[in-house]
Amino acid sequence: MVEKKVTVAVLFAMAMEAAGALVWAGEASQRLSEVEGRVAAQSGLDERMARMEVRLELASAQLSRIEKKLDGAR
């Protein structure tokens, strides 16, 4: 027959496994919160980049017009 007695070592091992799992879950939660904070801080970055691209395109077009006028004046 199999003994149904649980030794102290088995209980200790199970407690250590549970503690390790809780620590891991806490660290994962903290890392996730940190990443979410970084993403929230950069939420307007894509819109700002799009505006800068438009400004650069307009400046490039204006520079081209100025160069054409200067070339025509010679």
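Readers should treat all values here as calculations from the given coordinates under stated rules, not as data from a laboratory. Computed from a prediction, not measured in an experiment: that's the story for all the values here. A quick note on method: Cβ atoms are made from the backbone with ideal geometry, for glycine too, and the neighbour counts reach across all protein chains shown.
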### Query
Just from its helices, what would the mean residue ellipticity at 222 nm be for the chain, if runs of 4 or more DSSP H residues each count -39500 (n - 2.57) and the sum is divided by every residue, rounded to the nearest 500 deg cm²/dmol?
-31000 deg cm²/dmol
### Task
Along each of the three principal axes of the Cα atoms of the chain, give the extent in whole Å, ordering the values from largest to smallest.
107, 21, 15
## Note on the structure
Along the dipole axis of the chain (charges at Cβ: +1 for Lys and Arg, -1 for Asp and Glu; origin at the Cα centre), the most positive-end residue among 23, 12, 37 is 37
### Query
Which ³J(HN,Hα) values, rounded to whole Hz and listed in residue order, are derived for the stretch 28-40 from phi using the Karplus coefficients 6.51, -1.76 and 1.60 in 6.51 cos²θ - 1.76 cosθ + 1.60 with θ = phi - 60°, glycine and proline given as x?
5, 5, 5, 5, 5, 4, 5, 5, 4, x, 5, 5, 5
